[in-house]
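The values are calculated or read from the model by the stated rules, or taken from the named source; none is laboratory data. Predicted model, so just to flag it, every value in this text is computed and none were measured. Neighbour counts run over all protein chains shown; Cβ positions are idealised from the backbone, glycine included. Accessible surface is based on the protein model in full, side chains and every heavy atom, while ligands, DNA and RNA are left aside. Shrake-Rupley method; radii C 1.70, N 1.55, O 1.52, S 1.80 Å.
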Amino acid sequence: MNTIDFNQVGGFPMTTNILAKLQTAFSVFNALGNIVGDLTIISGCTVTGSTVSDGVVYVNGEVLEFRGGVLQPKVIVKQDTESLVFLNDNSYPSIKTRYVQFGSGVGAIDWADFKRGFATKDIVAGLLGKADQSSFDALSAAFVLVYEKMLTIDVGAEKNVQPNWTQADDTKDDFIKNKPSTISVLKKGVFAVADFAADSLQTVTFPTVGTNNYMVVGSMVSIGTNYDNDNDVIWMVREKTNSSFKLTLRELGGAIQNLSFEYMLIPLT
């Protein structure tokens, strides 16, 4: 820290510049209040009944004297100014005394917001509720585990990012890698199958799909009242074109069927 050596022979030059440097040195100590944080009781301020004793508090970057009194909901920062007569016989405001006391007005602060600070060496004890060596060792081990876990987390990682199946931009957080290929469908439809006996060839037509290189994925659906009339049918596909294919059908039982054929056309290239 900066120092001034006053104790020298020849008479020390006590000037206003020297006094200003002293004041600067004193103001540095305000920074120590950041250790405990804003609106903190550093010392004193003991509540006894309805009164609060004198003390020291940290408010808005300043370590200030607290002047106690009857307990009130709010406190305020005040400043008293004392004027001094200079060698030119003029009086100037010179001594400014800042302090905190109970009161109201512009800038008043809730007294309930002030918290009492404690020594940094007691932080671990305060967290664990005890201060023996085993407690410190346990907390140290816990910090190591947390640190090691943090090393496994990627820089910029986000929590609970929801994946989006339709996200195509692989730079986005919700992009899904290695998705299975989706199936394209050229056409879906339902064809009413006319009743037939023995063998039948029936044509399914649809608006052109631009190719005959497709797979017909389908199922024969019973829509009659007697399922046993509809369950003796064999089917296959032939003569595929851009706008139609043919169903070759065989009836094994000879009953009247009531069927429909549900289908999808899947491109093969």
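Some points to look at:
- Segment 225-269: relative contact order as a whole-number percent, Cα under 8 Å and 6+ apart: 36 percent
- Between Val146 and Trp235, the simple label model (points 7 Å from Cα in the Cβ direction) yields a spacing of 6.6 nm.
- Rounded to 10°, Cα long-axis angle of helix 16-28 versus longest principal axis of the chain: 40 degrees
- Exposed chymotrypsin sites (Phe, Trp or Tyr not before Pro) absent - longest run of the chain, DSSP non-H/G/I/E/B, at most 10 other C-beta within 10 Å: 166-269
- Residue among Ala142, Ala197, Ala31 with the largest mean-square fluctuation in a Gaussian network model of the chain, springs linking Cα atoms under 10 Å: Ala197
- Most to least packed among 87-93, 48-54 [average Cβ atoms within 10 Å]: 48-54, 87-93
- Residues whose placed amide H lies under 5 Å from that of Phe196, excluding near-sequence neighbours: Gln257
- 0 to 90° range, to nearest 10: angle between helix 133-151 axis and the chain longest Cα axis: 50 degrees
- Segment 1-114: radius of gyration over Cα atoms, expressed as a fraction of 2.2 N^0.38 Å: 1.36
- Based on the Stokes-Einstein relation at 37 °C and a viscosity of 0.692 mPa s, and on the Kirkwood radius from alpha carbon pairs, segment 28-67 is assigned a translational diffusion coefficient of 317 µm²/s.
- Loop GluC sites (Glu not before Pro), segment 208-269, which have at most 13 other Cβ atoms in a 10 Å radius of their Cβ (DSSP): Glu239
- Taking Ile109, Ile256, Ile42 and ordering them by how much accessible surface each has at a 1.4 Å probe, largest first, produces Ile256, Ile42, Ile109.
- Overall, the chain carries a charge dipole of about 300 debye about its Cα centre when +1 sits on the Cβ of Lys and Arg and -1 on the Cβ of Asp and Glu, all other atoms neutral.
- Considering only beta bridges that DSSP places wholly inside the chain, some 90 percent are antiparallel.
- For the residues Ile35, Ile76, Ile95, a GNM of the chain with alpha-carbon springs under 10 Å puts the largest fluctuation on Ile95.
- Rounded to the nearest 0.05, the FRET efficiency derived from the C-beta distance between Ser50 and Ser27 at R0 = 41 Å is 0.70.
- Charge dipole (the chain, unit charges on Cβ, about Cα centre) - positive-most of Gln101, Pro13, Gly117: Pro13
- Pairs of Cα atoms nearer than 8 Å and 6+ residues apart set the relative contact order; for the chain it is 12 percent.
- Compared with the direct C-alpha span, the chain from Arg98 to Thr81 gains 5.2 nm at full extension, assuming 0.36 nm per residue.
- For Cα Rg over 2.2 N^0.38 Å, the value calculated from this model appears in (1) 2.42; (2) 1.10; (3) 0.96 under label (1).
- Surface accessible to a 1.4 Å probe, per residue, for the residues of the chain, Å²: 71 Å²
- Gaussian network model of the chain, springs between alpha carbon atoms under 10 Å - residue of Asp228, Asp113, Asp174 with greatest fluctuation: Asp228
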